[in-house]
Every structure is written in structure tokens, then in C-alpha cells.
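Colleague: Structure in C-alpha cells, see below.
The values are calculated or read from the model by the stated rules, or taken from the named source; none is laboratory data. Here the structure is a predicted model, which is why all the values come from computation and not from measurement. So basically every Cβ, Gly included, is an ideal-geometry build from the backbone, and we count neighbours across all protein chains shown. Ligands, DNA and RNA are excluded from the accessible area calculation, which covers all protein heavy atoms including side chains. Shrake-Rupley method; radii C 1.70, N 1.55, O 1.52, S 1.80 Å.
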Amino acid sequence: RLIEYSLNGYAESFYLAGALAAVWGLIVLSNQPRHRAAAIAAGVGLAVWVLVRNEALLFALAAVGLALYMRRASVRSVLTAAGTVALVAVMLSGMYALTNTALWGETAIGSKSSNLGRVHTEMTDLYGAARETYGDPSAAATASEPANTAMRLLRRWPENLRYVAERLPGVLLSPVFLFALVLPFLPGRPGARAPAWPLLAFSAWPLMFYPFIQLEPRMLFPTLIGAIIFGSEGLLVASSMLKELVPGERRYLDWLPAVTVTLLLVPLVALLAAHTEAERGYHREIGRWIAASVEPEATILGDGYGHVSASAFWAGRQAIPRPWTDSETKLAEHVGAGDVLILYEGYVREANPELLHTFDGGIPGMERIKEFEFPRIGRVQVWKPVARYSARHSDRR
């Protein structure tokens with residue numbers, strides 16, 4: 001999954017490498033505030049994570065503040081370490097901003113950026129992100145809308161978390177993850193120091209934050225670091241328990257749990273691959289048609305959350321998620337001359353049923369130029385403005 005996202009242009013694997021350095025640095029600093037290398041690693045790691053996903057600044061500030069609160073040395077040494085972390089992070093961020101400004105004329109700071117120069121529309125403003133993600137800003141917006149939005153966010157959190165859980169079966173079914181879950185119930189070494197709070201905070205923060213504003217499971221990838229590390233610790237504890245249960249010297253018990261987990265994962269990977277092909281394989285067919293039939297200069301709009309973007313990816317194109325609306329007329333207004341609109345029946349049925357009738361009734365001012373039909377998701381229709389309609393929008397542009 002990480003490889004797939006990296007090929008798609010996202011930087012999840014990149015920021016996870018920085019995040020792992022940040023976790024190590026914070027854990028070491030929580031015990032050794034004078035550790036210069038750990039401070040540098042934490043500064044670089046947090047800066048990388050923040051620059052890839054800018055809203056992570058909230059976590060970075062909280063993590064450094066928690067480190068100050070849980071100090072194990074003098075206030076001066078802790079402040080020195082925090083200053084080093086901040087200095088390194090600011091220097092790296094400055095270099096990033098200068099590079100973006102020189103190449104693309106913008107700093108790309110303050111917006112969600114997957115790679116240098118790749119700017120997304122969702123900002124660090126939670127209210128704005130929620131409006132964009134869950135609703136169409138309309139004339140009905142009033143001064144009381146922030147309160148309504150807050151209630152909507154609270155309602156969406158458990159729904160989003162459940163949605164994400166459904167899309168991460170490989171994590172939830174992984175024996176490594178299960179070992180991580182049972183680790184608190186396994187006996188540990190007496191008197192062992194466990195400065196694990198940075199790792200715990202790093203893993204839990206996405207679960208608490210992102211479901212308020214996002215549906216994308218890739219936002220929760222930081223939890224994988226904690227699952228893998230705690231799961232590995234669980235495997236070590238399991239090996240120790242086996243040694244106590246089995247009499248005699250049995251060296252193979254050191255690696256038996258890890259090998260068993262690996263063997264259990266092999267068929268699981270095959271099942272997940274088959275599931276992914278069944279669920280997502282249709283994008284290749286749509287992508288081939290886009291590459292052959294849609295002009296390179298045309299803008300491709302369509303259903304978001306991995307639908308139109310995935311189809312366009314297989315065509316080597318970029319796509320724009322359409323704005324949410326319950327009106328086919330307003331939907332058509334967003335499609336300009338020469339552009340195409342792709343609607344996925346399965347997505348519309350689940351997320352925007354107000355537009356489901358368009359698959360049979362049509363869209364005013366637009367004509368259907370292609371229709372696919374797939375067993376799992378139903379119909380996929382490609383629309384473009386008719387000539388007179390397109391000309392009017394071309395002038396408007």
C-alpha cells in the first residue's frame with residue numbers, strides 16, 4: 001500500500017521515515033535531554049512530517065510540550081534540547097520554503113503538500129476542511145454554522161473510524177498487530193524502563209484527529225509504526241514465554257514466533273491482493289479508455305476519495321474531485337468546455353444518493369459519451385457538456 005501511494009505521488013512512505021526518526025529522537029530525549037543527535041533527529045523528523053502533512057504541527061507542538069512536562073533532567077537541559085529540535089525544524093522548513101519558492105513561486109507551507117510543489121485544497125483550518133469534505137457551501141450558511149459543523153464533526157468521527165477500519169483489513173488481521181494488542185497482558189522484565197509515550201502518542205494522535213475531517217486510511221499510516229514496534233516486542237516476549245514452558249535448551253524458540261507470523265501473513269497477502277484486484281482492478285480499464293479518448297488538455301472531474309483519481313492514474317493523468325452537491329444542475333456548472341465528468345454509481349449510491357437518478361435520467365446540458373458496467377460497483381458514466389453548453393462555459397472561464 002505504501003508503494004502504491006508513493007507511485008501515485010503521495011509521500012506517505014517518505015514522511016513515515018521522518019516520523020520514525022522523530023519517535024526515536026523524542027524517546028531518547030525523554031531520558032537523555034542532552035543527547036544532541038536525538039535532538040537533531042527529532043527536529044528533522046518532525047519537520048519532514050509537518051512539511052508533508054502540515055496539520056501535524058499540532059502534534060509536534062504537543063509532543064515537545066509533553067517532553068517538557070515529563071522531563072527527567074533539569075529544566076535548562078530540557079529547554080536546550082527543545083530549542084535544538086525547534087532550530088533544526090525551522091531551518092529545514094526554511095530550506096523547503098525557499099526551494100518551493102524558487103521552483104514554483106510559492107512556499108507550499110500552510111497547505112497539505114504530498115511532494116514539493118504539490119498543493120492540495122484542504123488547509124489546516126478544520127472548519128474549512130470539514131465544509132469542503134462533507135458539504136457544499138451554500139447560501140443557507142449562517143452565523144450558527146460553526147456550531148452545526150462541530151456537531152457534524154462529532155457525529156462523523158465514529159463513522160469515519162469505522163470506515164477506516166473496514167478499509168484496513170491487512171492491519172487489523174495481521175498477527176503482528178494482534179501481538180501488539182496483547183503485549184500489555186504479557187509479562188515483562190521486572191524494573192524495565194519503558195519510555196514509550198512518544199510512540200504511543202504518535203500512534204494514537206491520527207486515530208483521534210483525522211477521523212474528524214478525513215475518510216482516507218492513508219492518514220492513519222503513522223499507527224503502523226507503533227503496531228510494528230509493539231508487535232515485535234510482543235514476539236520477543238512470546239519467545240521468552242515459550243522458553244519457560246518448553247524444558248531444555250531450544251534455540252529455535254527465539255525465532256519460532258516470528259517465522260510463524262511470517263508464514264501466516266503469506267496467504268493473507270494473497271487474499272488481500274485478490275480482494276484489491278476485485279475491488280479496484282476496474283480502474284485500469286477506465287484508465288485505458290481515458291488515455292485513448294480524452295484529450296490531454298482536458299480537465300477530468302469526478303467522484304473523489306480514490307475513484308476518479310485512481311482511474312486517471314492508470315491513464316497517466318491528473319483528476320480533480322468534483323464538489324459535493326445534491327443538484328445535477330450545479331454539478332454541470334462545474335464542468336467547463338472540453339472537460340469530462342466521471343460518475344461512479346457505487347460511490348453515488350453510498351455517498352451522494354441525491355444524484356443517483358442521473359444515471360438513468362441524465363444531466364441537463366451534458367451528454368453521456370461512455371458507460372462502463374462492473375459487477376461490484378455498477379455503472380461508471382463519462383459525461384461532457386454539449387456544444388452549446390460548452391461554449392457558454394468556455395466564455396465564462
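Colleague: So how many residues does region 345-368 have that are open to solvent by 70 Å² or more (accessible area, probe 1.4 Å), closer than 15 Å to residue 383 by Cβ and either at pLDDT below 90 or assigned to a strand (DSSP E or B) (or both)?
Modeller: Total satisfying the criteria: 2.
Colleague: Next up: Given the conditions (1) within 14 Å of residue 202 (Cβ to Cβ); (2) crowded, with 19+ Cβ neighbours inside 10 Å; (3) modelled with pLDDT of 75 or more, and given that residue 17 satisfies all but one, which numbered condition is not satisfied?
Modeller: Condition not satisfied by residue 17: (2).
Colleague: Would you point out the residue of region 239-272, among those that are of a type in the set (Gly, Ala, Ser) and either modelled with pLDDT under 80 or touching a Ser or Thr at 6+ places or on another chain (Cβ under 9 Å) (or both), that is nearest to residue 376 (Cα to Cα)? Steps first, please.
Modeller: Going residue by residue through region 239-272, those that are of a type in the set (Gly, Ala, Ser) are 239-240, 248, 258, 270.
The next check asks that each one be either modelled with pLDDT under 80 or touching a Ser or Thr at 6+ places or on another chain (Cβ under 9 Å) (or both); those that pass are 248, 258.
Details: 248: 55, 258: 37 Å.
In this case the residue turns out to be 258.
Colleague: Okay, moving on. Looking for whichever is at pLDDT 55 or above and closer than 16 Å to residue 43 by Cβ here; the options are 105, 110, 83. Which one fits?
Modeller: Within the list 105, 110, 83, the selection yields 83.
Colleague: While we're here: Scan region 222-235 and give yes if some residue there is open to solvent by 20 Å² or more (accessible area, probe 1.4 Å), farther than 19 Å from residue 183 by Cβ and assigned to a helix (DSSP H, G or I), otherwise no.
Modeller: For region 222-235, residues open to solvent by 20 Å² or more (accessible area, probe 1.4 Å), farther than 19 Å from residue 183 by Cβ and assigned to a helix (DSSP H, G or I): absent.
Rundown of residues vs (1) outside any loop (DSSP other than H, G, I, E, B); (2) modelled with pLDDT of 70 or more, yes/no style:
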site: 171; (1), (2): yes, no
site: 179; (1), (2): yes, yes
site: 189; (1), (2): no, no
site: 199; (1), (2): yes, yes
